[in-house]
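Engineer: Got a structure here, written out as C-alpha cells. Questions coming.
Derivation of every value follows stated rules applied to the coordinates shown; laboratory data play no part. What you are looking at is a predicted structure, and each value in this text was computed from that prediction instead of being measured. Because the Cβ atoms are built from the backbone with ideal geometry, glycine has one as well, and the counts that use them run over all protein chains shown.
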Amino acid sequence: MSTVVDAVSRGGAIATRSAWRLFWERLREDKAALGALFVIALLTFIAFFGGPIASSITGHPNTEQYQQVMQDSFGLPKGPTSAFWFGSDGEARDLFVRTMYGTRTSLIVGVIATGIAVFIGLIVGLVAGYFRGFIDTMLSRTGDVMLAMPQLLISIGIVAACNSNKNGCLFGLIQPGLPLVICVIVIFSWPYIARLVRGFTLSIREKEFVEASRSLGASDARIIFNEILPNLSGPIIVYTTLLVPQSILFEAALSYLGLGVPPDTASWGGLLNDAQRYYDTAWWLMLFPGLFLVITTLAFNLLGDGLRDALDVRAER
Amino acid sequence: MKKPLWRLAGLVTIVAAVAVASAVGATAHSSKSSAMKAGGTLNVGWEASFGFTDNMDPTGEYLGDAFGILNNLLVRTLVGYTHDAGGPGNAVVADIATTVPKPTNGGKTYTFHIKPGVKFGPPVSRQVTSADFVTAMNREANPKDGAEYAFYYKPIKGWDAYAAGKAKSISGISTPNSSTIVFNLTAATGDFLKRMAMPAAGPMPSEVTKCFEGQPGKYATNLVSTAGYMIKGSDAVDISSCAKVKAASGYDGQTIIDLVRNPDYAQSTDPTRKNYVDEVRFMVNASNVDIYNKIEAGQLDMATSSIPPAVLKKYATSSSLKQYFHQNSGDRTWYITMNLTQAPFDDIHVRKAMNYIIDKDALRQGWGGPTVGDIANHVVPDAMFGNQLATYAPYKSAGNHGDVKKAMAAMKGSKYSTGGSGMCDAAACKNVLLVSDTRGVDPGMVATIEQDAKKIGITFKVRQINGAYPTIQTPSKNIPIAERPGWGKDYADALTFFTPLFDGRTIIANGNTNYSLVGVTPAQCKSLKIGGNCVGVPSVDSQLDKCSVLIEPTRTTCYENLDKNLMTNVVPWVPWMWSKVTRITSSNVTHYQFDQFATTPAYAMISVKG
C-alpha cells in the first residue's frame with residue numbers, strides 16, 4: 001500500500017495517513033461492513049461464552065435430555081415453551097442451549113478449516129503461478145487430482161480408517177472428531193484456493209511493477225511477498241469469507257457419513273441434519289440453527305465485500 | 001287401476017336388494033381380484049446401508065433382514081417354512097425334500113430325498129442333486145469361507161475333522177444317489193431340521209462356488225438361485241472358466257439388489273412360495289425420511305428402515321392409513337453389548353451398574369415409544385418363553401428410567417471405584433470407546449447412554465461407523481461397548497439366542513456374534529489377537545451343552561435358568577427392548593404377509609398392483 005499525502009489548507013504542514021488508517025477510514029464509511037463486523041464480534045462472544053451463559057440462565061446443561069417433558073409418546077420433540085425457548089431437538093435436549101454451544105463448534109470448524117485451506121492454497125497457488133514450468137505442472141496436477149477425487153468415497157474411507165479405534169489413524173495424527181472434520185474439509189478445499197491464486201499470480205507476474213522489481217534485483221521471495229501477494233488480498237479475502245459458511249455446511253454433510261463431530265458435540269450443521277427427520281413436525285429445529293447460519297453467512301459476506309473495497313486502492317470511492 | 005302399495009314396496013325392496021347384492025358382489029370380486037394379483041415390481045427401500053455381515057453370501061450371511069431375502073426369493077433348502085406369521089410360520093415343512101424326514105438310529109440319522117424338477121437357475125440351469133448339498137456343507141465347514149453359524153452343524157459326524165483340514169470330506173454326510181442325502185450325527189439333536197432350514201444349508205453349484213473358495217462374501221454377486229427369483233443378469237454370466245465369471249449386474253454389493261423371475265424355477269415343486277410379483281428391487285437410501293416420503297408417494301412399496309417417529313405417529317393414529325401399518329411379534333432383543341475383556345467392562349460390578357443406570361424408556365422413545373416394542377429385562381423375548389419370565393426383571397427401575405442409587409451401590413464393589421465412592425473414577429472409566437452406527441436413531445441412543453453413564457463416572461469417546469456390524473464382529477478390534485446390536489432368533493428355539501451369542505467356542509476372527517466374548521479363553525485371545533484381560537472370563541458353555549440335548553418341557557426351563565444366570569452372574573449386555581416388527585406399506589401393496597421365521601416381510605407372498 002502506498003501512503004497518501006494530504007495538503008492541509010492552513011499552516012502548510014502536510015499530514016500523512018498510514019495505510020492502516022486509510023483502510024480504516026474506507027471501512028468506516030461502509031455501514032454494512034461495520035454492521036457485519038459487529039455481528040461477527042457478537043458471534044465470537046457467543047462462541048466463547050454463549051453456551052455456558054445459556055445453560056446458566058435456563059438451568060439446562062448442553063447434553064441433558066428431557067424426554068419426559070419435551071417428547072410426546074411417539075418420541076417427537078416439542079416446540080418452544082417458557083422453559084425451553086427454542087424448543088427441544090430430536091434427542092430431547094434444549095435447542096437454545098445447543099444452538100449457543102453450536103456457535104463455538106461451527107465457527108471453529110469454519111474459521112480454522114478455512115484458514116488452513118487458504119494458507120495451503122495460497123502457498124501452492126503462488127509457487128505454481130510464479131515459477132511455472134515443471135513446478136506449476138506438478139502442483140496444478142496435484143490439485144486437479146484432488147478436485148477429481150470422489151469426495152464422498154474418500155470421506156467414507158477416512159471414516160473406516162479413523163473411526164474404528166480410539167486413537168484415530170496415521171499413528172494418532174488424525175483424531176476422530178473436530179480434528180478429523182477440519183482435516184477432511186482442508187483436504188477438499190485447498191485446491192479451489194490454489195487454482196484461484198495461481199490464475200491471479202500468472203496475471204500479476206506479467207505486470208510492469210513486477211518487471212521493475214525484478215530489474216532492480218529483487219529476489220523471487222521478495223517479489224512474491226511484496227509485489228504479488230498484496231495484490232491478491234482482495235480476491236483472497238472475498239473467497240475466504242465465502243469459504244467459511246461453506247465449511248460449516250460441509251461439516252453438516254459429513255455428519256450424514258458419521259464423519260461429523262461426535263453426537264454429543266453441538267454444531268449448527270448437526271442440528272440441521274437432525275432437523276431433516278422432523279421437518280414436517282418440528283419447524284423450530286430448522287428455523288433457529290438455520291437463522292444463525294444465515295446471519296453468519298451474510299455477515300462474513302458483507303464483511304468480505306467491505307474489506308475488499310477498503311483494501312483495494314483502485315476502487316472508486 | 002291402483003296397484004296395491006305392498007306390491008310397489010316389494011318391487012322396490014327387490015330392486016334395492018339386487019342393487020346391494022351387485023355392489024357387494026362387485027366389491028368382493030374386485031377385492032378378491034385386486035389382492036394377490038400376479039405381476040408388477042415390489043420396490044423396497046433400505047436405510048443407510050445393507051449392513052450385511054457377509055455380503056449376502058448364504059454361507060456366512062447372518063443378518064436377519066438378509067434371511068428374509070434369501071429364504072423367500074433365492075435359496076430353497078431341504079426343509080423350510082410356510083412364510084407365514086405367528087406359530088404356523090415357525091413350523092418346519094418340506095421344501096426341496098419330498099417330505100420332512102423322521103430321524104432314525106436313535107435320532108442320529110436324517111435321510112432326505114430330493115424332489116425331481118427342482119433346478120438351479122441361470123447360469124447353471126440344471127437339476128439340484130445331493131452333491132450340491134455336500135458343496136454347501138463343505139463351504140460351511142471350511143473356516144476360510146466365512147461361515148458365521150457353522151457351530152449349528154457341528155453335530156454332523158466328521159464335521160470338526162473336515163473343518164480342521166484333517167479329512168477330505170465330512171464323513172457324516174453320504175449321498176447314496178443323486179437324489180438322496182443322509183446326515184449322520186454324533187448325538188441326537190432335536191432341532192436339526194430347523195438348522196437345515198437355514199440359508200447356509202441350501203444347495204450350491206460347485207461349478208460356480210469353486211471360483212470363490214477362500215473368499216468370504218464373494219459368491220454373493222453370483223449367487224445361483226433355486227427359488228422363484230434370480231439376481232438380474234445371472235443369465236449373462238459366463239461360467240465356462242473362473243476367469244470369465246463376472247458379477248451379475250443386478251447386485252452391486254452396495255446400493256441395489258435387483259431380482260427377476262428365475263426361468264428354471266418350477267412353481268409346481270414349491271407349495272410354500274407364491275411369487276406374485278415379477279421383480280423385487282431393494283434400494284439403499286441414506287435418509288429414512290426420504291424413504292417414507294417415497295412410500296407415501298407410491299415410489300417405494302415398503303422399507304427395511306427405522307421409522308421416523310412422525311411417520312410412525314401418522315400411520316398408527318390415522319384411521320385411513322392404519323391399513324398400511326403392519327405389526328408382528330419380532331422375537332428380537334435390542335441391547336448394548338459390553339466386552340468382558342475390555343476395561344472397565346471386565347468388572348461385573350461395572351456391568352451391573354450399567355444395567356441399573358441406563359434409561360431404557362428413553363432409548364425406546366428414540367425409536368417411537370411403546371408402539372414399537374416392550375422394555376427388555378433379560379436376554380430372550382418373553383414370548384419365546386411363553387411369558388414364563390414375564391416378572392423377571394433383575395435391574396428394574398421406576399418407569400424404566402434408570403436408578404442412580406442402585407447403580408452406585410452396584411459400582412461400589414468395583415476395582416475401578418476407589419474408596420467406595422460408587423463412581424467409576426479410575427482412568428479406565430474415561431474416554432471409553434463406544435461404537436455406534438449412523439442410522440437415524442443412533443445419535444439419540446448415544447446421547448442417552450452418554451448422559452446416563454456419566455452419572456456413574458463413565459465417559460465415552462464415540463465412533464460412528466456406517467454399517468457398524470463388521471467392526472463389532474471383529475474381536476481383535478477390542479471394542480469395549482457398542483449400542484448397535486440387536487438379535488433375532490435364528491429359528492424358534494431359545495438355543496438360537498444363546499449358542500451364537502454366548503458360547504465361547506463359537507468365537508471367530510471375523511463375523512463373530514459373541515460380541516461380549518463370554519467364555520473366551522486366554523488361548524483364544526492369543527490366536528485371535530484379542531487384547532485386554534482374558535483371564536477368568538465367565539463361561540456358560542457347560543450349561544449350554546446341558547440345555548441343548550434336552551427336549552420339552554425341561555428344555556425351556558433349562559434355557560430360562562440360563563437366561564437368569566447370564567443376567568445375574570455374567571451380565572454381558574444391557575438388554576433394552578423387545579421390538580415388534582413394524583412395516584409400513586404403500587397403497588400399491590395389495591397383499592402383505594409376515595415371515596415369522598425370518599421376522600421380515602414374506603417377500604415371496606406379497607402382491608402389488610400390476
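Engineer: What ratio of Cα Rg to 2.2 N^0.38 Å holds for segment A:131-268? Working shown, then result.
Structural biologist: Details: Rg = 19.1 Å, N = 138, 2.2 N^0.38 = 14.3 Å.
Normalised Rg, Cα atoms only: 1.34.
Engineer: Next question. Enumerate the aspartates and glutamates that A:K31 could reach by cross-link, defined here as Cα to Cα under 19 Å, with residues fewer than 8 away along the same chain left out.
Structural biologist: A:D305, A:D309, A:D312, A:E316
Engineer: Could you give the distance between the Cα centres of segment A:62-78 and segment B:357-371, to the whole Å?
Structural biologist: Computed from Cα coordinates, the inter-centre distance equals 11 Å.
Engineer: Considering only A:L147, A:G199, A:I123, whose Cα is most displaced toward the positive end of the charge dipole of segment A:95-229, charges sitting on Cβ of Lys, Arg (+1) and Asp, Glu (-1)?
Structural biologist: It is A:L147, whose Cα lies furthest towards the positive end.
Engineer: Would you kindly compute the Cα radius of gyration of segment B:223-361 and its largest Cα-Cα separation (Dmax), both in Å?
Structural biologist: 22.2, 60
Engineer: Now a separate question. Along its three principal axes, how long is segment B:70-180 when you only count alpha carbons? Whole Å, largest extent first please.
Structural biologist: Sorted largest first, the three principal extents are 41, 38, 29 Å.
Engineer: For chain B, what does the convex hull of the Cα positions come to per residue, in cubic angstrom? Working shown, then result.
Structural biologist: Values: hull volume 113.7 nm³, N = 610.
With only Cα atoms used, chain B gives 186 Å³ per residue.
Engineer: To the nearest 10 degrees, how steep is helix A:178-204 against the longest Cα principal axis of chain A, on a 0 to 90 scale?
Structural biologist: The helix A:178-204 is inclined about 20 degrees to chain A.
Engineer: At a Cα cut-off below 12 Å, give the aspartates and glutamates reachable from B:K246, other chains included and same-chain residues fewer than 8 away excluded.
Structural biologist: Within the straight-line cut-off, B:K246 pairs with B:D235, B:D238.
Engineer: Round to the nearest 10 and give me the degree value, 0 to 90, for the angle of helix A:133-148's Cα axis relative to the longest principal axis of chain A.
Structural biologist: 20 degrees
Engineer: How big is the shadow of the Cα convex hull of segment B:502-610, averaged over all directions, in nm²?
Structural biologist: Details: hull surface 42.4 nm².
Mean orientational projected area (segment B:502-610, Cα hull): 10.6 nm².
Engineer: Mind pulling up the Rg/Rh value for segment B:396-490? Radius of gyration and Kirkwood radius, both on Cα.
Structural biologist: Working: Rg = 14.8 Å, Rh = 14.7 Å.
Dividing the radius of gyration by the Kirkwood radius yields 1.01.
Engineer: While we're on this one: If each residue's Cβ is checked for other Cβ atoms within 10 Å, how do A:R104, B:R463, A:R141 rank with the fewest at the top? Could you put the intermediate results ahead of the total?
Structural biologist: Values: A:R104 20, B:R463 24, A:R141 11.
Lowest count first: A:R141, A:R104, B:R463.
Engineer: Could you compute the FRET efficiency for B:V404 and B:A187, with r as their C-beta to C-beta distance and R0 at 60 Å, rounded to 0.05?
Structural biologist: 0.80
Engineer: Around A:G102, what is the net charge, scoring Lys/Arg as +1 and Asp/Glu as -1 over all other residues with Cβ under 14 Å from its Cβ?
Structural biologist: Working: positive: A:R93, A:R98, A:R104; negative: A:D89, A:E91, A:D94, A:E251, A:D264, A:D274.
Combined, the nearby Lys, Arg, Asp and Glu give -3.
Engineer: Set the bar at 25 Å for Cα to Cα. Now go through B:K322/B:K609; B:K144/B:K526; B:K405/B:K580; B:K313/B:K352; B:K218/B:K526 and name every pair that lies beyond it. Could the numbers behind the result be given before it?
Structural biologist: Details: B:K322/B:K609 19 Å; B:K144/B:K526 19 Å; B:K405/B:K580 31 Å; B:K313/B:K352 34 Å; B:K218/B:K526 28 Å.
B:K405/B:K580; B:K313/B:K352; B:K218/B:K526, as the Cα separations exceed 25 Å there.
Engineer: With bins 10 Å wide starting at 0, give me the P(r) of segment A:25-89 over every alpha carbon pair, in whole percents.
Structural biologist: 18, 32, 23, 16, 9, 2
Engineer: Moving to a separate point now. Exposure proxy check: B:T175, A:T265, B:T226 ranked by fewest other beta carbons within 10 Å?
Structural biologist: Details: B:T175 15, A:T265 19, B:T226 28.
By the 10 Å Cβ count, ascending: B:T175, A:T265, B:T226.
Engineer: Now for a different question. Just to be sure I follow: if Rg is taken over the C-alpha atoms of chain A and Rh is the Kirkwood radius over the same atoms, what is Rg/Rh? Write out the running numbers ahead of the final one.
Structural biologist: Values: Rg = 23.8 Å, Rh = 22.3 Å.
Rg/Rh: 1.07.
Engineer: Any idea what % of Cα-Cα pairs in segment A:200-315 are farther than 22 Å?
Structural biologist: Numbers: 3623 of 6670 pairs.
In whole percent, the long-distance tail amounts to 54.
Engineer: Starting from the Cα of A:L242, move 7 Å in the Cα-to-Cβ direction to define the label point; list residues of segment A:114-139 whose amide nitrogen is under 17 Å from there.
Structural biologist: The answer is A:114-115, A:117-119, A:121-122.
Engineer: Still on this model: If R₀ is 35 angstrom, what is the calculated FRET efficiency for the pair A:S56 and B:D374, using the beta carbon separation as r and rounding to 0.05?
Structural biologist: Values: r = 40 Å, r/R0 = 1.13.
With a Förster radius of 35 Å, E is 0.30.
Engineer: Cα convex hull of the protein assembly as shown: how many Å³ per residue?
Structural biologist: Details: hull volume 265.5 nm³, N = 927.
Dividing the Cα hull volume of the protein assembly as shown by its residues yields 286 Å³.
Engineer: Suppose the Debye formula is applied to equal point scatterers at every Cα of segment B:471-549; what is log10 I(q)/I(0) at q = 0.14 Å⁻¹?
Structural biologist: Values returned for q = 0.14 Å⁻¹ are -0.45.
Engineer: On to the next question. So for segment B:327-484: antiparallel DSSP bridges make up what percent, rounded to the nearest 5?
Structural biologist: On the way: 2 of 9 bridges.
Bridges in segment B:327-484 are about 20 percent antiparallel.
Engineer: What FRET efficiency, computed as 1/(1 + (r/R0)^6) with R0 = 25 Å and r the Cβ-Cβ distance, is obtained for A:T44 and A:I123, rounded to the nearest 0.05? The partial results should precede the final answer.
Structural biologist: On the way: r = 27 Å, r/R0 = 1.07.
The computed FRET efficiency comes out at 0.40.
Engineer: Checking a compactness column here: for segment B:324-412, what do you get for Rg(Cα) / (2.2 N^0.38 Å), N being the number of residues?
Structural biologist: Values: Rg = 14.5 Å, N = 89, 2.2 N^0.38 = 12.1 Å.
Computed over Cα atoms of segment B:324-412, the ratio equals 1.20.
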